[in-house]
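Notes follow once the structure below has been shown.
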Amino acid sequence: MSRPVVHRRRRLGGSAIEFALLMPLFLGVLAGIIEYGWYEQRQALLTSAVRRAARTGATAGEYESPVENAKAKLTEGLVDHGFTASDVVVEVRGSAPDAVVYVESQVKYDALLGLVPVPPKNAAAVGMRLEVQNR
């Protein structure tokens, strides 16, 4: 008894074509994940620096300037994280007993890969009530 001859089609290039079609899509998704992760990391660092500056200004002593203390702390925090501030606002809003130190900063965002659209700036703003209100 002889076996019937089965002719199988050879599919040597099928995997290479699938790889070639799907790899750009995969790399695009990966680039987006990396870019947005980098953007959010920079945003978290900026928010942290602004929050620390507002806290420093809010806890300024009776004879210290909350604005100057907050500006100095914000500049220090931005430099520590590799930022250069483009727009910085530090002011005391309101009057005793409800005065608030308001700190706001915006920094230019330089895209890591540049393959996906991201906002051009990171921005953060924080307000904290002054602890010493007899100014």
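Name the residue, out of VAL132, VAL92, VAL88, VAL101, that is over 30 Å from GLU35 (Cβ atoms), at pLDDT below 90 and assigned to a strand (DSSP E or B).
VAL92
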### Task
Keeping to the range 4-25, report how many residues are outside any helix (DSSP H, G or I) and modelled with pLDDT of 75 or more.
1
### Of all residues making up the range 91-110, the number that are within 19 Å of LEU78 (Cα to Cα) and either surrounded by 14 or more Cβ atoms within 10 Å (Cβ to Cβ) or in contact with a Phe, Trp or Tyr (Cβ under 8 Å, 6 or more places away or on another chain) (or both)
9
### Task
Would you mention how many residues in the range 60-76 are crowded, with 16+ Cβ neighbours inside 10 Å, over 16 Å from ALA124 (Cα atoms) and either in contact with a His (Cβ under 9 Å, 6 or more places away or on another chain) or polar (S, T, N, Q) (or both)?
1
#### Entry: the range 30-79, residues that are among the aromatic types (Phe, Trp, Tyr) and part of a helix (DSSP H, G or I)
TYR36, TRP38, TYR39
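The values are calculated or read from the model by the stated rules, or taken from the named source; none is laboratory data. Nothing here was measured: the structure is a model prediction, and the numbers come from that model. FYI the Cβ positions are ideal-geometry reconstructions off the backbone, even for glycines, and counts take in every protein chain you see.
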